[in-house]
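Working notes for the structure below.
The values are calculated or read from the model by the stated rules, or taken from the named source; none is laboratory data. Being a predicted model, the structure only gives us computed values, none of them experimental. Backbone-built Cβ (ideal geometry, glycine too); neighbour counts: all protein chains shown. Note: accessible area is taken over every heavy atom of the protein model, side chains too, but ligands, DNA and RNA are not part of it. Shrake-Rupley method; radii C 1.70, N 1.55, O 1.52, S 1.80 Å.
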Amino acid sequence: MNWLEAIILGLVQGLCEFLPISSSGHLAVFQSFFGMEGEENLILSILLHLGTLIAVIAVYYKDIWMIIKNFFLMLGDIFKKRFTWKDANQYQRMAVLMMVTLIPLVLVLLFKDFVEWITAIPWAIGVLLILNGIILYISTKFEDTDKDISKATPKNALTIGFIQLLGVLPGISRSGSTISGALYCGFDRELAVKYSFILSIPTIVAANLLNIFDIAKMSITGEQAAMYAVGMLVAAVSGFFAIKLLNMLMKRNLFKIFAIYSVIAGAATAVASFFIG
């Protein structure tokens, strides 16, 4: 990897993690075309994801702090036996519902080897990008509602969690699948986006936690460390603006733009993979 590739991959991660067009799919394609493999891929992937976590926190830090604060207040009320679900505030409901959404992720362990295998096949990623576009297009047909977090149910949260499982496949967007799931459950558009992005924090941490220990065993040069840092910074900055952009487009009901892009990108990737090898 060189400096330009680090910047490009950081930009790809930052934009594609939050725009519903699959960061894992795009990263896998670019890394394949750049000839990157093994330890280099693992280290860069983890650090770029750290960059996107910084972007989420920068945009939603007030909501994140309120969720954490009210979660512990809720625990205190539970121990004092004075907590009831009907009296829970919006942040306590968000905390509980997100924990329910995360439950299906334990099933990811069953597909870990399959995901690693398919990540190395560019044409397969192209097909999954096309599928991602279809999912996004279907989500634009869901009726727009004003359902806020006070009306959301644990069943809604579990449904979003199972739909989120599609996002472990390279080419299927995690944010796209969770936003689509939230829209299917009747969440209003702004809530669907916020729910998806804040949910990305524990999701990304869980997905990369085990790999962090592998990084500790690897040796990298000072120049490599600098390139990784630049890639992470680019991912954080581009991710911040990607979140802002998606919120704006959702308010204008322009989600279908990403459906069209995913289909075109998927077709191009599948075709190019046969010529480039």
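Being farther than 18 Å from Leu191 by Cα and touching a residue at least 24 places away in the same chain (Cβ under 8 Å): is that true of Leu44 here?
Numbers: farther than 18 Å from Leu191 by Cα: yes; touching a residue at least 24 places away in the same chain (Cβ under 8 Å): yes.
The answer is yes for Leu44.
Assess whether Ser177 counts as being small (Gly, Ala, Ser) and either at pLDDT 85 or above or not in a helix (DSSP H, G or I) (or both). Full working, then the answer.
Working: small (Gly, Ala, Ser): yes; either at pLDDT 85 or above or not in a helix (DSSP H, G or I) (or both): yes.
Yes, satisfied.
Looking only at residues of the stretch 189-235 that are part of a helix (DSSP H, G or I) and of a type in the set (Ser, Thr, Tyr), we find that the one that is modelled with the lowest pLDDT is Thr203.
Here is a yes/no grid of residues against (1) open to solvent by 40 Å² or more (accessible area, probe 1.4 Å); (2) without any contact (Cβ under 8 Å) to a residue 60 or more places away in the chain; (3) aliphatic (A, V, I, L, M):
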| residue | (1), (2), (3) |
| --- | --- |
| Arg82 | yes, yes, no |
| Leu97 | no, no, yes |
| Ile118 | no, yes, yes |
| Ile138 | yes, yes, yes |
| Asp144 | yes, no, no |
| Ser150 | yes, no, no |
| Thr153 | yes, yes, no |
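Within the stretch 113-169, which residues are hydroxyl-bearing (Ser, Thr, Tyr) and in a helix (DSSP H, G or I)? Result: Thr119, Tyr137, Ser139, Ser150, Thr159.
Scanning the stretch 86-94 turns up at least one residue that is touching a helix residue (DSSP H, G or I) at 6+ places or on another chain (Cβ under 8 Å), open to solvent by less than 30 Å² (accessible area, probe 1.4 Å) and touching a residue at least 60 places away in the same chain (Cβ under 8 Å). Pairs linking a residue in the stretch 1-27 that is closer than 24 Å to Ala192 by Cβ and among the β-branched types (Val, Ile, Thr) to a residue that is open to solvent by less than 10 Å² (accessible area, probe 1.4 Å) and not in a helix (DSSP H, G or I), with Cβ atoms under 9 Å and 6 or more positions apart or on different chains, are Ile21/Ser173.
Out of the stretch 264-277, which residues are open to solvent by 80 Å² or more (accessible area, probe 1.4 Å) and part of a helix (DSSP H, G or I)?
Here is the first cut: in the stretch 264-277, the ones open to solvent by 80 Å² or more (accessible area, probe 1.4 Å) are 264, 271, 274-277.
If the condition is that a residue be open to solvent by 80 Å² or more (accessible area, probe 1.4 Å) and part of a helix (DSSP H, G or I), then Ile264, Val271, Phe274, Phe275, Ile276 are the ones that fit.
With a requirement of 1 or more residues that are modelled with pLDDT of 85 or more and surrounded by fewer than 24 Cβ atoms within 10 Å (Cβ to Cβ), the helices (runs of 4 or more DSSP H) lying completely within the stretch 1-80 that satisfy it span 3-18, 39-79.
How many residues does the stretch 150-162 hold that are among the aliphatic types (A, V, I, L, M) and either at pLDDT below 95 or at positive phi (or both)? Working first, answer last.
Step one: of the stretch 150-162, the residues among the aliphatic types (A, V, I, L, M) are 152, 157-158, 160.
Keeping just the survivors that are either at pLDDT below 95 or at positive phi (or both) gives 152.
Summing the residues that are among the aliphatic types (A, V, I, L, M) and either at pLDDT below 95 or at positive phi (or both) in the stretch 150-162 gives 1.
Being part of a helix (DSSP H, G or I), open to solvent by 60 Å² or more (accessible area, probe 1.4 Å), modelled with pLDDT of 90 or more and hydroxyl-bearing (Ser, Thr, Tyr) is a property that Tyr261 has.
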